[in-house]
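Colleague: The structure follows.
The values are calculated or read from the model by the stated rules, or taken from the named source; none is laboratory data. Fair warning: this is a prediction, and the values are worked out from it, not measured in the lab. Here the Cβ positions follow ideal geometry from the backbone for every residue, glycine too, while neighbour counts run over all protein chains shown. Protein only, heavy atoms only, side chains kept; ligands, DNA and RNA dropped before computing areas. Shrake-Rupley method; radii C 1.70, N 1.55, O 1.52, S 1.80 Å.
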Amino acid sequence: MPFDYNPWLRQEMMPHIWCPGCGVGIILKSLIRSMDACGWDRDATAMVSGIGCTSRAPGYVDMNTLHTTHGRALTFATGVKMAAPEKNVVVISGDGDAAAIGGNHLIHSCRRNIDITLVIVNNGIYGMTGGQFSPTTPSDSKAATAPYGNIDPSFDLAQLCIAAGATYVARAHVGNAVFLEKMIRNGLKHKGFSVIEVMANCHTQWGRRNKFPDPADLIEKIAADAVPLSVFEKLSPEERVGKFSVGVLYQNKEKPEYCEAYHNLQERAMNKMREASRKVAEQETLKTRDEILGATSGEN
Ligand SMILES: Cc1ncc(C[n+]2csc(CCOP(=O)(O)OP(=O)(O)O)c2C)c(N)n1
Ligand code: SF4
């Protein structure tokens, strides 16, 4: 039986604003199927975003949602998770949102290992604002702000997240939705900060300027550039050019999760305070007893 997306979507928000064929649709559907497969209750789940085409996603899903400011989704999501650690929190960000204006928050979220899942829709461009280059725009490719080609080297986002301390980092792409769903599902189940970088098509803003204006052609190109991690590791640096690895790139189940670490800290602090008040109360009792005894002996 085909999956029924209807309960997960706010029908009143349709039609969506995304261009026909945009990769964000494939990713949102994979994310919804993953949450459903994990048995996530919509009332116990929050989806948070910043600003951008990708960041419109929470507007379309029927659950607790926050559409926040550009680059700050992870800070709002951290607040939600700290206030309600029992809730599931997922963030969806574009590459500009996550790695340019939000790059600072990204590395600190990785470092803290808070139990949030971040799905980065890496389409290599600022889609919403007209095709300015982002930190993941491939070198030499054209953008509205790089009509003769981009000279900046691009970030390997997944490696950045691993280096910053994220404890589940996977990469997938929009050309294989089944595999993408698996990578997201694993991330949702992981306790700690999980990142799924999804290589995606923005045929409108990147493709149009780089000979891939058709979404199907661009998705095929992305799929052709994807290499399973075990194969990628055997490639020479020259053979790796233009390719990217897919799969679970890193997982660490040992590192303490931030909300739990904070809860333990609160417990330790409370115990110390209780101990201190107990000592004060004990001294007060002794003092009072001495005073009473002193007064009594004075009478004698
Ligand atoms: C503080 C601030 N700076 C700049 C903008 C303009 N702005 C909106 S979306 C965006 C970039 C979106 O690109 P990305 O995050 O890659 O998402 P996409 O649209 O490609 O999904 C920018 C620069 C803004 N809204 N707020
Ligand atoms: S501009 Fe690009 S990212 Fe935005 S909806 Fe269109 S295809 Fe998708």
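Colleague: Who wins for biggest fluctuation among VAL231, VAL91, VAL178 in a Gaussian network model of the chain, springs between alpha carbons below 10 Å?
Modeller: VAL231
Colleague: Simple spin-label model, 7 Å along Cα-to-Cβ: MET1 to VAL178 in nm?
Modeller: Reported label-point gap for MET1 and VAL178 is 2.1 nm.
Colleague: Which residue, PRO20, PRO135, PRO58, has the most motion in a Gaussian network model of the chain that connects Cα atoms within less than 10 Å?
Modeller: PRO20
Colleague: Take the alpha-carbon centre of region 248-286, take the same for region 44-93, and report the distance between them in whole Å.
Modeller: The two parts, judged by their Cα centres, are 29 Å apart.
Colleague: Any idea how far apart ASP62 and LYS87 come out in nm if each label point goes 7 Å out from Cα toward Cβ?
Modeller: Using points 7 Å along Cα→Cβ, the separation is 1.9 nm.
Colleague: Would you mind checking the pairs LYS142/LYS255; LYS29/LYS255; LYS81/LYS279; LYS189/LYS272; LYS29/LYS221; LYS142/LYS191 and listing those with alpha carbons more than 32 angstrom apart?
Modeller: LYS142/LYS255; LYS81/LYS279; LYS189/LYS272; LYS142/LYS191
Colleague: Next question, about the same structure. Pull up the DSSP beta bridges for region 5-106 and report the antiparallel fraction as a percent, rounded to 5.
Modeller: Looking only at bridges with both residues in region 5-106, the antiparallel portion is about 10 percent.
Colleague: Taking a ≥ b ≥ c as the square roots of the eigenvalues of the Cα gyration tensor of region 182-259, is the shape rounded (a/c under 1.5), prolate (a/b larger than b/c) or oblate?
Modeller: It comes out oblate by the Cα gyration axes.
Colleague: Another question, if that's okay. Please figure out what share of the DSSP beta bridges in the chain is antiparallel and state it in percent, rounded to the nearest 5.
Modeller: 20 percent
Colleague: What number comes out for the charge environment of GLU284, summing +1 per Lys or Arg and -1 per Asp or Glu over other residues with Cβ under 14 Å away?
Modeller: Every neighbour counted, the sum reads +1.
Colleague: Comparing GLN159, GLN11, GLN283, which has the greatest mean-square fluctuation in the GNM of the chain with Cα pairs linked when under 10 Å apart?
Modeller: Between GLN159, GLN11, GLN283, it is GLN283 that shows the largest mean-square fluctuation.
Colleague: Okay, next question. Kirkwood Rh over alpha-carbon pairs of region 1-91, then Stokes-Einstein at 10 °C and 1.306 mPa s: what D in µm² s⁻¹, rounded to an integer?
Modeller: Value of D from the Cα-based Kirkwood radius: 116 µm²/s.
Colleague: Using the Kirkwood radius over C-alpha pairs as Rh, can you work out the diffusion coefficient of the chain via Stokes-Einstein at 37 °C, viscosity 0.692 mPa s, in µm² per second?
Modeller: The diffusion coefficient I find is 156 µm²/s.
Colleague: State in Å² the accessible area per residue of region 1-87; use a 1.4 Å probe, count heavy atoms of protein chains only, and round to the nearest integer.
Modeller: Counting only protein heavy atoms, the per-residue value for region 1-87 is 47 Å².
Colleague: Express the C-alpha Rg of region 84-163 as a ratio against the empirical globular expectation 2.2 N^0.38 Å, rounded to two decimals.
Modeller: 1.21
Colleague: Distance from a point 7 Å along Cα→Cβ of SER277 to each backbone N in region 242-267: keep the residues under 15 Å and list them by number.
Modeller: 267
Colleague: Kirkwood hydrodynamic radius (Cα pairs, Å) of region 123-202?
Modeller: Hydrodynamic radius (Kirkwood, Cα pairs) of region 123-202 is 13.8 Å.
Colleague: How much net charge surrounds GLY52 when only the other residues with a Cβ under 10 Å from the Cβ of GLY52 are counted, with Lys and Arg +1 and Asp and Glu -1?
Modeller: Here the count lands on -1.
Colleague: Next up: Calculate, for MET270 and VAL241, the FRET efficiency according to 1/(1 + (r/R0)^6) with r their C-beta to C-beta distance and R0 45 Å; round to the nearest 0.05.
Modeller: Step by step, r from the Cβ atoms, then E = 0.20.
Colleague: How high is the FRET efficiency between LYS234 and ASP152 when r is their beta carbon distance and R₀ equals 35 Å, given to the nearest 0.05?
Modeller: 0.75
Colleague: For region 259-298, what does the convex hull of the Cα positions come to per residue, in cubic angstrom?
Modeller: Each residue corresponds to 23 Å³ of Cα convex hull volume.
Colleague: May I ask you to derive the FRET efficiency for GLN11 and ASP36 from their Cβ-Cβ distance with R0 = 22 Å, giving the value to the nearest 0.05?
Modeller: 0.80
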